[in-house]
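J.: Okay, here's the structure, questions in a sec.
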2 protein chains.
Amino acid sequence: MIEKIKKVLIFSDIDNSLLLDQINKQRISVRTFEKGSFILHQDAEYDSLYAVINGICYSDMIDVSGKNIKIDDFQNGELIASGILFSCDNRLPVSVIAKSNCEILILDKKAILDLCMHSEGFLLDYMRLISDKVTFLTKKLLFISFKSIKSKLASFLVSKIKDDKDYISIDQSIEDLANYFGVARPSLSRVISDLELEGIIFHEKNIYTIIDKTKLFKLI
Amino acid sequence: MIEKIKKVLIFSDIDNSLLLDQINKQRISVRTFEKGSFILHQDAEYDSLYAVINGICYSDMIDVSGKNIKIDDFQNGELIASGILFSCDNRLPVSVIAKSNCEILILDKKAILDLCMHSEGFLLDYMRLISDKVTFLTKKLLFISFKSIKSKLASFLVSKIKDDKDYISIDQSIEDLANYFGVARPSLSRVISDLELEGIIFHEKNIYTIIDKTKLFKLI
């Protein structure tokens with residue numbers, strides 16, 4: 001069991017004796033899930049911390065139109081929804097589904113609290129993990145809220161420029177980018193066309209060539 | 001000093017002996033700021049936890065166009081930027097400015113860690129505080145990302161309906177609402193007009209009268 005727990009990054013440096021104590025108190029367990037099965041359901045209360053030991057799972061949510069939207073992947077060693085565990089409103093905004101056969105580590109909330117109180121390193125790591133989510137979400141929200149689509153696209157392209165090359169390869173589809181920017185896909189497509197008409201970029205498939213870097217920087 | 005610390009809600013239940021220990025280690029201090037002065041600067045590193053003992057302060061940020069946008073108020077007893085303190089990227093996305101003369105409690109990061117390790121109640125409260133920010137931001141982000149403006153407005157109005165009344169009084173201006181929804185003000189105004197033309201709502205100043213509740217619910 002100790003070996004399995006240590007596969008999860010955040011537990012890798014904890015003293016075995018602390019983990020053994022939690023195992024003896026039956027606060028840590030392992031469950032397996034078959035490919036395609038639900039690990040956690042949207043709107044269910046999240047009372048124990050889930051972490052992936054083996055396999056891959058993903059979170060998805062049902063949007064207003066009833067369409068399923070894939071949100072995130074969770075790989076070996078990653079925690080699931082760690083930011084929600086201690087929240088007053090601990091209902092999951094997403095479902096978590098096994099993409100392959102999965103082995104999942106499940107720890108009681110009390111186990112996490114005990115580990116925090118007995119290992120300053122773990123406390124700091126867990127605090128950092130949740131706080132990183134706060135800063136990530138805050139930045140994303142400010143990005144989405146306070147910029148025009150043109151300015152968002154310009155900021156995004158500039159952030160992807162590498163080694164002063166004048167072309168950028170973007171992995172996401174225009175639909176993915178529109179979701180990331182929090183805008184409608186047709187609106188984003190229109191802005192891309194506008195930038196092309198203004199001679200600032202040229203776009204073909206997933207390759208964006210920067211023609212006028214100065215003008216692009218001015219849009220940020 | 002103990003009395004001042006206890007004014008901050010999250011510290012009110014902690015044993016005096018634990019607080020005295022931190023005071024003796026010189027990890028807790030109090031500073032005063034005059035009305036209008038900067039308490040914290042946008043982009044500065046946030047290494048100690050700030051909390052309001054007396055007075056009111058507010059956070060604001062400079063947007064891409066150089067315009068100042070007011071984000072939040074902090075009142076007596078509230079923590080400032082508690083979600084950022086333990087983040088890897090602990091630079092403040094906002095400035096914090098004294099709205100009145102302010103008395104501010106400042107605690108080293110190490111004081112917070114020590115209090116967490118010696119008081120399970122405090123650990124749980126602090127975890128809950130950061131986690132509540134994660135759930136609040138996640139919900140807001142999902143709300144902004146996955147809904148049309150019409151659907152956002154409908155959800156917002158429905159959430160404000162009280163006691164089955166058919167009118168709603170909204171404190172925020174259309175500009176505030178547009179910021180909250182992460183959309184441009186003219187776009188939101190257009191959607192409000194659309195709903196009026198469709199005979200779903202009637203809007204005058206800050207009062208929104210629901211004319212066709214069934215149609216409004218269908219927009220969510």
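The values are calculated or read from the model by the stated rules, or taken from the named source; none is laboratory data. Being a predicted model, the structure only gives us computed values, none of them experimental. Note: ideal-geometry Cβ built from the backbone for every residue, glycine included; neighbour counts use all protein chains shown.
J.: Step by step: first the residues of the range A:25-77, then only those that are among the hydroxyl-bearing types (Ser, Thr, Tyr) and at pLDDT 90 or above, then the one that is surrounded by the most Cβ atoms within 10 Å (Cβ to Cβ). Which residue is that? Quick ask: steps written out before the conclusion?
T.: Of the residues in the range A:25-77, the ones among the hydroxyl-bearing types (Ser, Thr, Tyr) are A:29, A:32, A:37, A:46, A:48, A:50, A:58-59, A:65.
Keeping just the survivors that are at pLDDT 90 or above gives A:29, A:32, A:37, A:46, A:48, A:50, A:58.
Numbers: A:SER29: 13, A:THR32: 13, A:SER37: 12, A:TYR46: 20, A:SER48: 17, A:TYR50: 22, A:TYR58: 16.
It comes out as A:TYR50.
J.: Looking only at the range B:147-158, how many residues end up being over 23 Å from B:ILE71 (Cβ atoms) and within 14 Å of chain A (Cβ to nearest Cβ)?
T.: Residues of the range B:147-158 over 23 Å from B:ILE71 (Cβ atoms): B:148, B:150-151, B:154, B:157-158.
Retained after the next criterion (residues that are within 14 Å of chain A (Cβ to nearest Cβ)): B:148, B:150-151, B:154, B:158.
Total satisfying the criteria: 5.
J.: Moving on. Can you pull out every residue in the range A:181-202 that is modelled with pLDDT under 90 and in contact with a Ser or Thr (Cβ under 8 Å, 6 or more places away or on another chain)?
T.: A:GLY182, A:ALA184, listed by residue number.
J.: Take B:LEU137 and tell me if it is more than 9 Å from chain A (Cβ to nearest Cβ), at pLDDT 80 or above and not in a loop (DSSP other than H, G, I, E, B). Steps first, please.
T.: On the way: more than 9 Å from chain A (Cβ to nearest Cβ): no; at pLDDT 80 or above: yes; not in a loop (DSSP other than H, G, I, E, B): yes.
Criteria not met by B:LEU137.
J.: Follow-up. Examine the range A:85-94 for a residue that is out of contact with any strand residue (DSSP E or B) (no Cβ under 7 Å at 6 or more places or on another chain) and crowded, with 16+ Cβ neighbours inside 10 Å, and state whether such a residue exists. Walk me through how you get there before you give the answer.
T.: Applying the first criterion (out of contact with any strand residue (DSSP E or B) (no Cβ under 7 Å at 6 or more places or on another chain)) to the range A:85-94 yields A:86-89.
Narrowing the set further to residues that are crowded, with 16+ Cβ neighbours inside 10 Å leaves A:86-87.
Looking for residues that are out of contact with any strand residue (DSSP E or B) (no Cβ under 7 Å at 6 or more places or on another chain) and crowded, with 16+ Cβ neighbours inside 10 Å, one finds at least one in the range A:85-94, hence yes.
J.: Hey, another quick one. Answer with yes or no whether A:ALA154 is hydrophobic (A, V, I, L, M, F, W, C), in a helix (DSSP H, G or I), farther than 20 Å from A:LYS218 by Cβ and touching a helix residue (DSSP H, G or I) at 6+ places or on another chain (Cβ under 8 Å). Break it down stepwise before answering.
T.: On the way: hydrophobic (A, V, I, L, M, F, W, C): yes; in a helix (DSSP H, G or I): yes; farther than 20 Å from A:LYS218 by Cβ: no; touching a helix residue (DSSP H, G or I) at 6+ places or on another chain (Cβ under 8 Å): yes.
Considered against the rule, which asks whether it is hydrophobic (A, V, I, L, M, F, W, C), in a helix (DSSP H, G or I), farther than 20 Å from A:LYS218 by Cβ and touching a helix residue (DSSP H, G or I) at 6+ places or on another chain (Cβ under 8 Å), A:ALA154 comes out as no.
J.: Tell me which residues, restricted to the range B:115-137, are surrounded by 18 or more Cβ atoms within 10 Å (Cβ to Cβ) and over 23 Å from A:LEU141 (Cβ atoms).
T.: Residues satisfying the conditions are B:LEU115, B:CYS116, B:SER119, B:PHE122, B:LEU123, B:ASP125.
J.: Name the single residue, out of those in the range B:159-192 being part of a strand (DSSP E or B) and either touching a helix residue (DSSP H, G or I) at 6+ places or on another chain (Cβ under 9 Å) or within 19 Å of A:SER151 (Cα to Cα) (or both), that is nearest to the other protein chains (Cβ to nearest Cβ). Before the answer, list the steps.
T.: Of the residues in the range B:159-192, the ones part of a strand (DSSP E or B) are B:167-169.
If we keep only those that are either touching a helix residue (DSSP H, G or I) at 6+ places or on another chain (Cβ under 9 Å) or within 19 Å of A:SER151 (Cα to Cα) (or both) too, we end up with B:168-169.
Working: B:ILE168: 20, B:SER169: 24 Å.
This residue is B:ILE168.
J.: While we're looking at this one, here's another question. If you go through the range B:115-124 one residue at a time, do you hit one that is charged (D, E, K, R) and either touching a residue at least 60 places away in the same chain (Cβ under 8 Å) or under 30 Å from A:ILE220 (Cα atoms) (or both)? Even if it seems obvious, please write down each step before you answer.
T.: So in the range B:115-124, the residues charged (D, E, K, R) come out as B:120.
Right, trim to either touching a residue at least 60 places away in the same chain (Cβ under 8 Å) or under 30 Å from A:ILE220 (Cα atoms) (or both) and you get none.
The answer is no; no qualifying residue exists.
J.: Return the residue satisfying two criteria in turn: it lies in the range B:13-53 and is under 13 Å from B:ILE80 (Cα atoms) and assigned to a strand (DSSP E or B), and of such residues it is farthest from the other protein chains (Cβ to nearest Cβ).
T.: B:ILE53
J.: Could you grab me the full set of residues in the range B:84-126 that are at the interface with chain A (Cβ under 7 Å from one of its Cβ atoms), in a loop (DSSP other than H, G, I, E, B) and of a type outside the set (D, E, K, R)?
T.: B:ILE84, B:LEU85, B:PHE86, B:SER87, B:CYS88, B:PRO93 - these are the residues of the range B:84-126 that are at the interface with chain A (Cβ under 7 Å from one of its Cβ atoms), in a loop (DSSP other than H, G, I, E, B) and of a type outside the set (D, E, K, R).
J.: Using beta carbons and a limit of 9 Å, which pairs, at least six apart or on different chains, have the first residue in the range A:1-21 and exposed (fewer than 13 other Cβ atoms within 10 Å of the Cβ) and the second one assigned to a loop (DSSP other than H, G, I, E, B)?
T.: A:SER12/A:GLY77; A:ASP13/A:SER119
J.: Any chance you could count how many residues in the range B:195-208 are touching a residue at least 24 places away in the same chain (Cβ under 8 Å) and exposed (fewer than 14 other Cβ atoms within 10 Å of the Cβ)?
T.: 2
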